[in-house]
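A.B. asks: Below are the structure tokens for one structure; questions will follow.
Here, each number is a calculation from the coordinates, and none is a lab measurement. On a predicted model such as this, the values are computed, not experimentally measured, just so you know. Methodologically, a virtual Cβ is constructed for each residue, glycine included, from the backbone with ideal geometry; neighbour enumeration extends over all protein chains shown.
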Amino acid sequence: MKTPNLQSFKKKSWIIWFAIAIILLLLAGAVLFIWKVSVNMFAGNPRFTLTEVRINGNRNGFWTDKKDQITSMLQLRPGLTNLFSLDPRTMRAKLLREPSIANASVTRILPDTLEIGIVERIPIALINSPRARYVTDAECVLMQKGRCMDISYSLPIIIGLRNEQNFVPGMKAGALKGAVELIELTRTKWPEIRVASISIARRETLICAVRYRNRIGTDELYRVVMPDTGIETSLKRLLQVLEHILETQNRSRDINLFYKGQAVLTMPPPAES
């Protein structure tokens, strides 16, 4: 009595699985058809052949006029490459491997244009020498001076960063943190204080050569010693000391800010006769 039911069940199961297989084959065929249509409409359509590459970047930036170099880097072939054969995310990732590029965007503009936006890192200091091979930005990222925005004529120098032979473009040098913060604060909050150089050779110490422009335009060079932390507090004290020096016509040019609540001033050595 049970055997006919078992055979009937097996037959029904086979029919169900056969129907499922047919449905799957039909779905696969539909996907293949849609893919071929999309290829013909987009990736295989000569109307979408790349003919123009636009670069939007920082004014006077290193990459702004380097269209040929970027085209080569991204393996673009104007006149041959189809816009829809390109992956904007992959191209953006390639651009961000360049140490001097902080951010990038890649956009298709139909029917034949690729627009590349580049935001460059801005150098704020030379490293170890006026003829430095490396510069740093505000995030302590090292860049080759010849492969980034060139404003080296106006930059202060940070000296004392060790093991220069091991520098790699794009590396983040944490030892620069205090010096970089000092430079950034004088650029943004206290522009009347201009940093000429900073030595980080002594542990936890910044030894700075700074110029101070007062209200009547006097430009003097001062040697300032301060901790490499609490930079903003030190700068507030330094500004008070510089104002005091000018108001009292004090001849001190060495300022030590290591002592809490006070600054130690030192007279310059007497001129040789």
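A.B. asks: Label H244 and R211 with points 7 Å out from Cα along Cα→Cβ: what is the distance between them in nm?
C.D. replies: Here the answer is 2.5 nm between the modelled labels.
A.B. asks: For a Förster distance of 51 Å, can you work out the FRET efficiency between the beta-carbons of S105 and S13, rounded to the nearest 0.05?
C.D. replies: Once rounded, the FRET efficiency stands at 0.40.
A.B. asks: Give K145/K172; K67/K94; K66/K145; K67/K177; K66/K94 a once-over and call out the pairs whose C-alpha atoms are over 25 Å from each other.
C.D. replies: In this structure, K67/K177 lie more than 25 Å apart at Cα.
A.B. asks: Between E232 and K172, how many nm apart are label points set 7 Å from Cα along the C-beta direction?
C.D. replies: Distance between the two pseudo-spin positions: 2.1 nm.
A.B. asks: Rank by packing, highest mean first: peptides 79-86, 160-167, with packing defined as the count of other Cβ atoms within 10 Å averaged across residues.
C.D. replies: The densest-packed peptide leads the list: 79-86, 160-167.
A.B. asks: Counting alpha carbon pairs within less than 8 Å and at least 6 residues apart, what relative contact order, in whole percent, applies to the range 125-266?
C.D. replies: 16 percent
A.B. asks: Within the range 53-155, list the trypsin sites (Lys or Arg not before Pro) lying in a DSSP loop whose Cβ has at most 13 other Cβ atoms in a 10 Å radius.
C.D. replies: In loop regions of the range 53-155 (DSSP not H, G, I, E or B), the sparsely surrounded trypsin sites (Lys or Arg not before Pro) are R59, R97, R131.
A.B. asks: Quick one: if the Förster radius is 41 Å, what FRET efficiency do I151 and F84 give, using the C-beta to C-beta distance and rounding to 0.05?
C.D. replies: 0.55
A.B. asks: Hey, another quick one. Any idea how far apart R202 and Q144 come out in nm if each label point goes 7 Å out from Cα toward Cβ?
C.D. replies: A separation of 3.6 nm, rounded to one decimal place.
A.B. asks: On each of the three principal axes of the Cα atoms of the range 95-229, give max minus min coordinate, whole Å, ordered largest first.
C.D. replies: 60, 40, 27
A.B. asks: What list do you get for M143, M91 if you sort them by fewest beta carbons within 10 Å?
C.D. replies: M91, M143
A.B. asks: At a 10 Å Cβ-Cβ cut-off, how would you order K177, K172, fewest neighbours first?
C.D. replies: Lowest to highest Cβ neighbour count: K172, K177.
A.B. asks: Now for a separate question. Could you line up F62, F258 from fewest to most neighbouring Cβ atoms inside 10 Å?
C.D. replies: Ranked by crowding around the Cβ, least crowded first: F258, F62.
A.B. asks: A further question follows. Let me know the shape class of the range 47-120, please: from the alpha-carbon gyration tensor, a ≥ b ≥ c as square roots of the eigenvalues, rounded when a/c is under 1.5, otherwise prolate if a/b is greater than b/c, or oblate.
C.D. replies: Verdict is prolate for the range 47-120.
A.B. asks: I would also like to ask the following. Find the relative contact order for the range 47-120 and round it to a whole percent, using C-alpha pairs within less than 8 Å whose residues are 6+ positions apart.
C.D. replies: Averaging sequence separation for qualifying contacts and normalising by length gives 44 percent for the range 47-120.
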